[in-house]
Amino acid sequence: MSFGKILFFGLLTIVAGCSTNSSIKRPPETNFLEAQKLYAKGKYEQAATEFKKVKENTASPALSTAAVLLNADALFHDKSYIEAAGGYEEFQKLHPDNEKAPYAMYMLGLCHFKQAEKIDTDQTPLTNAIKTFESFLKEYPKSDLTEKVRDSMRMCRTKQSEYEIYVGRFYFRTGKFPSAINRLKEALETYPTSPVNDEALFYLGQAYMKTGDKEKGKETLQRLIKDFKASKFAGETKKILAKNA
């Protein structure tokens, strides 16, 4: 091979090597901009990858700090709630005095809440969400996010009551009426203002009747009609009461 060809291929190798190194060692600003573009397009998984690179790059502490939170946001929108929760916790630990610390705690609570969206899953995340929101209200009582946190806590409480009713309904449908009564009574006592208590009353009233306590059953169903006039269970409840008049 001629010297010219050797030199040509040598230069190609050098250029290729430089190209590879530059892509690996891109400045954090470049990765940050790329991550923002991906995030804006809704490509959250890819955005999280780019934000993670910025987060791990110590060349720009300010960008690194911002990337910790934005990486968690991208993971949250990608529905990777466990990983997102880890990111928000990391931000809180590393930057407790940052102005975004209340936001990180609020989002951490939402991550826990989102992990228990299905009624038939482990409800521990709901308990964790409530604890997080309670801590938020103690630490940041004057935050702009306070009302959102209170709303989120109400959603958590409603979810918890829905779970108790779900279990009570299961006992009712499988003929375990005393167990249904205990679970549904507990749900009503623990969550007296829950917007889904009409369902608890609907099954509790019938469970009483199934065990022979018709008076208590009618009293419970009448309470449903009185307190939840627009309930989807109202029509069927009226039929049951008429049948047992």
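For the reader, a short list of remarks on this structure follows.
- Of the residues screened, Arg154 is one that is assigned to a helix (DSSP H, G or I), of a type in the set (Lys, Arg), modelled with pLDDT of 95 or more and open to solvent by 70 Å² or more (accessible area, probe 1.4 Å).
- Enumeration of residues in segment 66-91 that are hydrophobic (A, V, I, L, M, F, W, C) and either in contact with a His (Cβ under 9 Å, 6 or more places away or on another chain) or open to solvent by less than 60 Å² (accessible area, probe 1.4 Å) (or both): Ala66, Ala67, Val68, Leu69, Leu70, Ala72, Ala74, Leu75, Phe76, Ala84, Ala85, Phe91
- The lone exception for Tyr103 - which of (1) under 22 Å from Leu69 (Cα atoms); (2) open to solvent by less than 60 Å² (accessible area, probe 1.4 Å); (3) assigned to a helix (DSSP H, G or I) it fails: (2)
- Long-range neighbours under 6 Å by Cβ, at least six apart or interchain, first residue farther than 18 Å from Glu162 by Cα and open to solvent by 10 Å² or more (accessible area, probe 1.4 Å) within segment 198-221, second of a type in the set (D, E, K, R) and not in a loop (DSSP other than H, G, I, E, B): Tyr208/Lys216
- Residues in segment 133-144 that are crowded, with 17+ Cβ neighbours inside 10 Å and out of contact with any Cys (no Cβ under 9 Å at 6 or more places or on another chain): 3 in all.
- Test: Leu63 is crowded, with 18+ Cβ neighbours inside 10 Å and modelled with pLDDT under 95: yes
The values are calculated or read from the model by the stated rules, or taken from the named source; none is laboratory data. Keep in mind it's a predicted model, so treat the numbers as computed, not measured. All Cβ positions, glycine included, derive from the backbone under ideal geometry; neighbour counts span all protein chains shown. What goes into the accessible areas is simple: the full protein's heavy atoms, side chains included, and nothing from ligands, DNA or RNA. Shrake-Rupley method; radii C 1.70, N 1.55, O 1.52, S 1.80 Å.
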